[in-house]
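These notes concern the structure reproduced below.
The values are calculated or read from the model by the stated rules, or taken from the named source; none is laboratory data. Here the structure is a predicted model, which is why all the values come from computation and not from measurement. All Cβ positions, even for glycine, are placed from backbone atoms using ideal geometry, and neighbour counts span all protein chains on display.
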Ligand SMILES: NC(=O)C1=CN([C@@H]2O[C@H](COP(=O)(O)OP(=O)(O)OC[C@H]3O[C@@H](n4cnc5c(N)ncnc54)[C@H](OP(=O)(O)O)[C@@H]3O)[C@@H](O)[C@H]2O)[C@@H](O)CC1
Ligand SMILES: [K+]
């Protein structure tokens, strides 16, 4: 599913209006009605719609007219009087006023009239600077109201292109996105302000326009279960363990982490897991794993289609540099393995790195807070700097390639916030690559399944009790959930 930026949405709007001859006010009427339909689902008695000066405000005025028509008690709180609005927004307000919708102009510090639900139609994709004055005051009043807020297109104050929030922003429990989901509602922190996101059809044929434009590769996307179903390697009756590939996992000081990575790989279908160890393993290992111990250390890689290096490696990561340099297949680098990134030949290796925000910060020379405030920019910069596909972990993980592709993963919750889950993920990516999946696709499929397995484990065990080994156990259920 496409996630669109401001410019991309404006191009789609313009094409629909000027080349497909659908008037802007018609699109706005569809938008406002769709918002009203969503708002009325909870049967509110009184609805207050906060409207800005642009087309997002226009959507709000239309929604007000429809809520009024549906029998709700409605009032519009506007930052500019209707006579100062332009174009379609002016028409929208005129229809609402003519229908009998009461309105008032808001000044900073005014009290917000009471409501069962508020609608945030202050700013949409036109947002280009932090909130000030009346908008800032209204956003604060909405957040302080304690009542549910439905945002139109994007919560006011959230950057539509990046999800960044500089200063104040409206905290909605639900966001009705018009025609397509805005990228900023999918990426943290914006996704926390958006709440539940629903996309409504307002008559802009987004998918076909994007495909016809030949620019679909430029568009960011949400990873969906149907995408993952398509990507999952097919299991053939006529096959053997070699068909699904051998994955090598480097075993360091914390052996359990490497075993978790191997189990993640096995559960996504890798044919054989080979653990490259330097000591006898002190942790229990599935009997299916091949454990090769070389007490003098590894100087060359084990025979394998893909390699995972990092989980549990510990301080002695340097000892593995030579192995990495000699390995010719795709590699996953995680945790302490990330410091070996400089050994990879960008022209020879397909690499996926899976840093958490702190590791990403260290690699970029940023603070962790900076990474979390600018997640998309951080992931993009790291991808360019390393030449690797970056999986930036955290709520709504990002998958970003050096050539600019972006996927956002919607699965996963607090069940994953426990030791070892990152090791499982690194193994799952490696397990997919061992099955010859393209590394970018492997990263997308693995993060989605990992998040889904976490959610399912949390549902059954509670998120507090879920451990990384439970995530491993629930991978099969996550796979089954998309294959039926
Ligand atoms: N036909 C269409 O295209 C359709 C569009 N649709 C709807 O239109 C929305 C986009 O509308 P839009 O482009 O008018 O922008 P919008 O977000 O309303 O902002 C308005 C103006 O506010 C200003 N401003 C910006 N930041 C500010 C700030 N921090 N604080 C104060 N002011 C600020 C800035 O103007 P400036 O002050 O810079 O002159 C900006 O131009 C879209 O999200 C969707 O809801 C749908 O109806 C479908 C059909
Ligand atoms: K809005």
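Yes or no: residue 32 assigned to a helix (DSSP H, G or I), within 16 Å of ligand 2 (Cβ to nearest atom), in contact with a strand residue (DSSP E or B) (Cβ under 7 Å, 6 or more places away or on another chain) and within 22 Å of residue 80 (Cβ to Cβ)? Can you show your working first?
Numbers: assigned to a helix (DSSP H, G or I): yes; within 16 Å of ligand 2 (Cβ to nearest atom): yes; in contact with a strand residue (DSSP E or B) (Cβ under 7 Å, 6 or more places away or on another chain): no; within 22 Å of residue 80 (Cβ to Cβ): yes.
Judged against the criteria, residue 32 is not a match.
For segment 204-220, give me each residue that is outside any helix (DSSP H, G or I) and within 21 Å of the chain's Cα centre (by Cα). Working first, answer last.
Pass one, segment 204-220, residues outside any helix (DSSP H, G or I): 204-205, 214-215, 219-220.
Within segment 204-220, 215, 219, 220 qualify.
Of the strands (runs of 3 or more DSSP E) entirely within segment 102-203, those holding at least 3 residues that are more than 11 Å from ligand 1 (Cβ to nearest atom) occupy 103-105, 117-121, 196-200. Answer yes or no: is there a residue in segment 288-297 that is free of Cβ contacts under 8 Å to residues at least 24 places away in the same chain, touching a helix residue (DSSP H, G or I) at 6+ places or on another chain (Cβ under 8 Å) and part of a loop (DSSP other than H, G, I, E, B). Checked segment 288-297: at least one residue is free of Cβ contacts under 8 Å to residues at least 24 places away in the same chain, touching a helix residue (DSSP H, G or I) at 6+ places or on another chain (Cβ under 8 Å) and part of a loop (DSSP other than H, G, I, E, B). Within segment 166-184, being free of Cβ contacts under 8 Å to residues at least 40 places away in the same chain and in contact with a helix residue (DSSP H, G or I) (Cβ under 8 Å, 6 or more places away or on another chain) holds for 167, 168, 169, 171, 175, 177, 184.
Taking the conditions (1) crowded, with 24+ Cβ neighbours inside 10 Å; (2) at pLDDT 95 or above in turn, residue 127 satisfies each one other than (2). Across segment 154-171, which residue is farthest from residue 28 (Cα to Cα) among those that are near ligand 2 (Cβ under 8 Å from one of its atoms) and over 17 Å from the mean Cα position of the chain (by Cα)? Among residues in segment 154-171 that are near ligand 2 (Cβ under 8 Å from one of its atoms) and over 17 Å from the mean Cα position of the chain (by Cα), the one farthest from residue 28 (Cα to Cα) is 170. Of the listed requirements (1) assigned to a loop (DSSP other than H, G, I, E, B); (2) outside the structural domain of residue 291 (by TED's automatic domain parsing); (3) more than 17 Å from residue 2 (Cα to Cα), residue 238 misses just one: (2).
Out of curiosity, is residue 63 within 16 Å of ligand 2 (Cβ to nearest atom), in contact with a helix residue (DSSP H, G or I) (Cβ under 7 Å, 6 or more places away or on another chain) and part of a helix (DSSP H, G or I)? Let's see the steps before the verdict.
Numbers: within 16 Å of ligand 2 (Cβ to nearest atom): yes; in contact with a helix residue (DSSP H, G or I) (Cβ under 7 Å, 6 or more places away or on another chain): yes; part of a helix (DSSP H, G or I): yes.
Yes, satisfied.
Looking at segment 188-204, can you tell me whether even one residue there is over 21 Å from residue 123 (Cβ atoms) and outside the structural domain of residue 291 (by TED's automatic domain parsing)? Even if it seems obvious, please write down each step before you answer.
Pass one, segment 188-204, residues over 21 Å from residue 123 (Cβ atoms): 201, 203.
Next, from what is left, pick out any that are outside the structural domain of residue 291 (by TED's automatic domain parsing): 201, 203.
Checked segment 188-204: at least one residue is over 21 Å from residue 123 (Cβ atoms) and outside the structural domain of residue 291 (by TED's automatic domain parsing).
Residue count for segment 36-70 satisfying the condition of being touching a residue at least 60 places away in the same chain (Cβ under 8 Å) and more than 16 Å from ligand 1 (Cβ to nearest atom): 6.
Scanning segment 8-20 for residues that are farther than 11 Å from residue 204 by Cα, surrounded by fewer than 22 Cβ atoms within 10 Å (Cβ to Cβ) and more than 11 Å from ligand 1 (Cβ to nearest atom) yields a single hit, 19. Whether any residue in segment 48-68 is assigned by TED's automatic domain parsing to the domain that holds residue 128 and surrounded by fewer than 18 Cβ atoms within 10 Å (Cβ to Cβ) is what I want to check. No, every residue in segment 48-68 fails to be assigned by TED's automatic domain parsing to the domain that holds residue 128 and surrounded by fewer than 18 Cβ atoms within 10 Å (Cβ to Cβ). Going residue by residue through segment 116-126, is there one that turns out to be out of contact with any helix residue (DSSP H, G or I) (no Cβ under 6 Å at 6 or more places or on another chain) and either at positive phi or away from ligand 2 (no atom under 16 Å from the Cβ) (or both)? Yes, because at least one residue in segment 116-126 is out of contact with any helix residue (DSSP H, G or I) (no Cβ under 6 Å at 6 or more places or on another chain) and either at positive phi or away from ligand 2 (no atom under 16 Å from the Cβ) (or both).
Does any residue of segment 10-23 turn out to be under 23 Å from residue 186 (Cα atoms) and within 13 Å of ligand 2 (Cβ to nearest atom)?
Within segment 10-23 (the criterion being under 23 Å from residue 186 (Cα atoms) and within 13 Å of ligand 2 (Cβ to nearest atom)), the answer is no, since none of the residues qualifies.
You will find that of 266, 253, 257, the residue that is at pLDDT 95 or above and either in contact with a strand residue (DSSP E or B) (Cβ under 8 Å, 6 or more places away or on another chain) or in a loop (DSSP other than H, G, I, E, B) (or both) is 266 and no other. Checking the structure you have, find out if any residue of segment 146-159 is assigned by TED's automatic domain parsing to the domain that holds residue 42 and out of contact with any strand residue (DSSP E or B) (no Cβ under 9 Å at 6 or more places or on another chain). Among the residues of segment 146-159, at least one is assigned by TED's automatic domain parsing to the domain that holds residue 42 and out of contact with any strand residue (DSSP E or B) (no Cβ under 9 Å at 6 or more places or on another chain), which makes the answer yes.
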